[in-house]
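Data block below; observations after.
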Amino acid sequence: MKGGIDVAGLGIGSLTEILITGDFGPYLYQSPEPGNVLSRSVFEGAAATKRFLWELDAIYQAVAQQPQQVAVALTAEDIDRFRSEGKLSLLIRLDSGVAIEDLATLRLYHRLGLRKLELVHSFPFQWADSSVGSMNDDDPGLEDFGLEVVQECNRLGILADISHGSDQTMWDALETSTKPMIASHSGARAVVDAHRNLTDEMLLALAKAGGMIGVGAYYDPELLEPIRATGAWTATSQIHNHLAGMYPDPFDLAAALRSPVAQKQARNALGLGPPSPLASPVPRSGVLTEGSNVQGTLDHIDHIVKLDQHRPRGNWHRHQHGQRGLHLALSAVGPGPSRPRLQGRADRQDLGRKLSARPSGQCAGRRRRQLTAAANRHAPEEGQYDRGLPALEFN
């Protein structure tokens, strides 16, 4: 099929919009202490459910505009059929369980097309701990309800994703699931010692379950050091806390966090200077994310392939819908803090990039009425997603 699909705008200010409340800088080489939560989701509870429903609506409206080119796939058979028809298949995913507070909601999402759930993103919440934060140390990992979510995903046919999870969250999910799982964007901790990456033991457990890992978004502290040196994370936490105090409504806050004007006004109010060029979106050769590059990705792939080739096969259990062996895929996503690496890395000229890969919206101003994206009291008009959900374009 010629052409492509422009999906970049759909994730602007998405459900995983992050409010950075603490300074990540001191934790570049270690995870925050349990209970020291450095970030949280802007959207929680009913607001998170509403936000995800808006995203689902945006997807289906976009597909309806180009029915000959793209379709929402609900099964593997759908993907094969759409491919034979020359169409692109869209698989709907949810990047955090923060929008799931009961199993009835999860079942409804499944009926609306959800087929992949990332259990936790870059912030912990009530039933899941993240690789960069845990709610407390009394019961780390997945709470009992989180285990029920994994089991219900197995029953419904929703692929559970363990990327971004804390070590205990990953183990809880791997030990609970009876179906193959995925780590959609992670790396090997033996190559780069970062909690966002999987240990060899985790990789082997994922392989044993017939799972898959997407490589290309590991985290290398040496690549992130220049950003920390600029004080960008300190300034970001100050700006986010300032805006959170101004906009208690989550939809208003999400709009302000995406607004260059609101960001500039916050900087001026706090007496902060302009952001460093290292925290700006400057294209650099060989860079995939702020904390990963092409050469490093190849190192991770080499390690994972060798690990899978040399692991003992034995008489391991074969899942009904999976095969033994670890499947590889390439993946590239946004930034996050990490821990020290163990081996050398090339492409030192590729240090830095912007602090956040999230593009900015069109909203402006400090007050509710001045924010283009601030009409949270009413759902958008059909085809209008001023809160970071523009209609997609297929060409």
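The values are calculated or read from the model by the stated rules, or taken from the named source; none is laboratory data. The shown structure was predicted, so the numbers you read here are calculated from the model rather than taken from an experiment. So basically every Cβ, Gly included, is an ideal-geometry build from the backbone, and we count neighbours across all protein chains shown.
Side notes on the structure shown:
- Of the residues examined, R258 is not one that is of a type in the set (K, R) and under 21 Å from S134 (Cα atoms).
- Among residues of region 100-158, those that are under 16 Å from the mean Cα position of the chain (by Cα) and either at pLDDT below 95 or under 16 Å from W171 (Cα atoms) (or both), counted: 14
- Filter result for T178 (of a type in the set (S, T, Y) and surrounded by fewer than 21 Cβ atoms within 10 Å (Cβ to Cβ)): yes
- Residues that are touching a Phe, Trp or Tyr at 6+ places or on another chain (Cβ under 6 Å), over 21 Å from V72 (Cα atoms) and part of a loop (DSSP other than H, G, I, E, B) are absent from region 162-177.
- Boolean, I182 is closer than 14 Å to S131 by Cα, of a type in the set (A, V, I, L, M, F, W, C) and touching a residue at least 40 places away in the same chain (Cβ under 8 Å): no
- Matching residues in region 152-166 - criterion: being of a type outside the set (D, E, K, R) and surrounded by fewer than 16 Cβ atoms within 10 Å (Cβ to Cβ): G157
Table: residues versus (1) within 30 Å of G113 (Cα to Cα); (2) touching a Gly at 6+ places or on another chain (Cβ under 8 Å); (3) in a helix (DSSP H, G or I); (4) not aromatic (F, W, Y).
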{"site": "L19", "(1), (2), (3), (4)": "yes, no, no, yes"}
{"site": "G22", "(1), (2), (3), (4)": "no, no, no, yes"}
{"site": "P34", "(1), (2), (3), (4)": "no, no, no, yes"}
{"site": "R40", "(1), (2), (3), (4)": "yes, no, no, yes"}
{"site": "A48", "(1), (2), (3), (4)": "yes, no, yes, yes"}
{"site": "A58", "(1), (2), (3), (4)": "yes, no, yes, yes"}
{"site": "Q61", "(1), (2), (3), (4)": "yes, yes, yes, yes"}
{"site": "P67", "(1), (2), (3), (4)": "yes, no, no, yes"}
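- If you filter region 261-271 down to residues that are of a type in the set (A, V, I, L, M) and surrounded by 17 or more Cβ atoms within 10 Å (Cβ to Cβ), you find that the one that is farthest from the chain's Cα centre (by Cα) is A266.
Condition check ((1) under 30 Å from A194 (Cβ atoms); (2) assigned to a helix (DSSP H, G or I)) across all residues:
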| residue | (1), (2) |
| --- | --- |
| L223 | yes, yes |
| S237 | yes, yes |
| N241 | yes, yes |
| P248 | no, no |
| A262 | no, yes |
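- Inter-residue pairs, beta-carbon under 9 Å, first aromatic (F, W, Y) and in region 97-113, second buried (at least 22 other Cβ atoms within 10 Å of the Cβ) and not in a loop (DSSP other than H, G, I, E, B), 6+ apart: Y109/F52; Y109/L94; Y109/A99; Y109/L117
- Residue within region 105-117 that is assigned to a loop (DSSP other than H, G, I, E, B), touching an Asp or Glu at 6+ places or on another chain (Cβ under 8 Å) and buried (at least 21 other Cβ atoms within 10 Å of the Cβ) present: no
- Hits in region 83-96 (condition: in a helix (DSSP H, G or I) and either of a type in the set (K, R) or touching a residue at least 12 places away in the same chain (Cβ under 8 Å) (or both)): R83
- Once region 59-75 is narrowed to residues that are of a type in the set (G, A, S) and buried (at least 21 other Cβ atoms within 10 Å of the Cβ), the residue that is modelled with the lowest pLDDT is A62.
- Looking across A232, A173, A183, one residue alone is closer than 23 Å to S41 by Cα, of a type in the set (G, A, S) and modelled with pLDDT under 90. It is A232.
- Residue satisfying all of: in region 30-52; surrounded by fewer than 16 Cβ atoms within 10 Å (Cβ to Cβ) and farther than 14 Å from P250 by Cα; modelled with the highest pLDDT among these: N36
- Counting only residues that are crowded, with 24+ Cβ neighbours inside 10 Å and touching a Phe, Trp or Tyr at 6+ places or on another chain (Cβ under 8 Å), region 120-145 holds 4 of them.
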